[in-house]
Amino acid sequence: MFRIAVLGGDGIGPEVTREAVEVLRLIFRICKKDVEFIEGAVGGDAIDRTGKPLPDETMEIVKKSDAVLLGAVGGPKWDNLDFSIRPERALLGLRKGLGLFANLRPAKLFTPLVNASTLRKDVIEGTDIIVVRELTGDVYFGEPRGVFPMPDGSKKGVNTMVYTTEEIRRIAEVAFKIARGRRKKVTSVDKANVLESTELWRRTVSEVHRDYPDIELDHMYVDNCAMQLIRNPRRFDIILTTNLFGDILSDEAAMLTGSIGMLPSASLGGRTSLYEPVHGSAPDIAGMDIANPIGTILSAAMLLEYSMGLPAYARLIESAVERVLEKGYRTKDIWEDGCILVGTRQMGRVIREEIERIASLD
């Protein structure tokens, strides 16, 4: 039996996660496999219940699970808490506790949404990128860090960008292996002209590349990459980059597709992997049944592929999403004239109906 931990979290997290869970229930019925879903508290919801963003009970649940499906965390309600116990700390705790070091963020433009992007059709049509972001190094974890007093009475904020050869090597191997199943092209993004830590990044990625002679590798500075993503996104296949740069570039890539609500992600590395949409908790629309659940549903598809070994069923979900969009169904964030405006629940329902329709034809 597969065991999946479900952490709805805050804001729209529980709403979109609910629809993804229902899609997974349907898939497991179709493929006749047993699954158990176990819920846990995380983020602001967990703070309200236990005083901690990542309670020990939740960590026990996820460590005993085959995969984790996460909604979103955070919101203005908890912004005045000490930095060390804010909801977002739960994400870092989950990644560290599960040994997750590789974050995969696909940014694929579904053809029916070509007009939803703010960029011209001729620029974005055919965009299909995966950002492979390192998760355990960089300024998020480097020491020293903190806010320190200065002799003159002012303060100094410090974050340290740190990378080891092994951290770079293992994330590079993930990128090259994924590239073999795609267009066989990796763009490694750094700032090696001014940052010594990313000079090491560039040198190490080049060394790892020697073991993957079938893959094309090029290097690009992060500022140029940010520009090229808008100018010519089709030039990219796999973008391999650091924790900080990946955090920023993956959100930029997400908007190429029309809405950040469309984008899934997977965090891999340990026995148990984590799957979550790229978007945040959006507390301003929580409980209104208007949030786009597709990013979370596509995260569930990644869960099937990477944790459950069921890539055919991942493709089934993706095909159903494409067909639903072709039929004109849209949540508010991707709606345009002539389309059918639906809410969170209805979008989940029509995707499940499409999955059943496709499965019955096979």
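The values are calculated or read from the model by the stated rules, or taken from the named source; none is laboratory data. Owing to the predicted nature of the structure, the values given are computational and were not obtained by experimental measurement. Please note: Cβ atoms are built from the backbone with ideal geometry, for glycine as well, and neighbour counts cover all protein chains shown. Just so you know, the surface numbers come from the protein's heavy atoms only, side chains and all, with ligands and any DNA or RNA stripped out. Shrake-Rupley method; radii C 1.70, N 1.55, O 1.52, S 1.80 Å.
Before moving on, here are some points about what is shown:
- Elements of the type strands (runs of 3 or more DSSP E) sitting completely within the range 1-102 and holding at least 2 residues that are touching a helix residue (DSSP H, G or I) at 6+ places or on another chain (Cβ under 6 Å) and under 23 Å from G137 (Cα atoms): these cover 67-72.
- The condition (being at pLDDT below 90 and open to solvent by 30 Å² or more (accessible area, probe 1.4 Å)) is satisfied by just one residue among F141, F148: F141.
- Number of the condition not met by K156 [criteria: (1) more than 22 Å from the chain's Cα centre (by Cα); (2) open to solvent by less than 50 Å² (accessible area, probe 1.4 Å); (3) at pLDDT 95 or above; (4) more than 24 Å from P311 (Cβ to Cβ)]: (2)
- Residue in the range 202-215 that is within 22 Å of the chain's Cα centre (by Cα) and without any contact (Cβ under 8 Å) to a residue 60 or more places away in the chain present: no
- Unmet requirement for E19, which otherwise passes all of (1) in contact with a strand residue (DSSP E or B) (Cβ under 7 Å, 6 or more places away or on another chain); (2) within 23 Å of R315 (Cβ to Cβ): (1)
- Boolean, E305 is among the charged types (D, E, K, R), assigned to a helix (DSSP H, G or I) and over 24 Å from V222 (Cβ atoms): yes
- G287 passes every criterion in (1) under 23 Å from P87 (Cα atoms); (2) part of a helix (DSSP H, G or I); (3) over 18 Å from the mean Cα position of the chain (by Cα); (4) of a type outside the set (D, E) apart from (2).
- E60 being out of contact with any Lys or Arg (no Cβ under 6 Å at 6 or more places or on another chain), open to solvent by 10 Å² or more (accessible area, probe 1.4 Å) and touching a residue at least 12 places away in the same chain (Cβ under 8 Å): no
- Number of the condition not met by D82 [criteria: (1) farther than 30 Å from R169 by Cβ; (2) in contact with a Phe, Trp or Tyr (Cβ under 7 Å, 6 or more places away or on another chain); (3) surrounded by fewer than 20 Cβ atoms within 10 Å (Cβ to Cβ)]: (2)
- Test: T111 is on the phi < 0 side of the Ramachandran plot and surrounded by 20 or more Cβ atoms within 10 Å (Cβ to Cβ): no
- Residue within the range 114-128 that is under 24 Å from S319 (Cα atoms), open to solvent by 30 Å² or more (accessible area, probe 1.4 Å) and assigned to a helix (DSSP H, G or I) present: yes
- Matching residues in the range 1-55 - criterion: being of a type outside the set (A, V, I, L, M) and open to solvent by less than 10 Å² (accessible area, probe 1.4 Å): D10, G13, T17, E19, F28, G43, G44, P55
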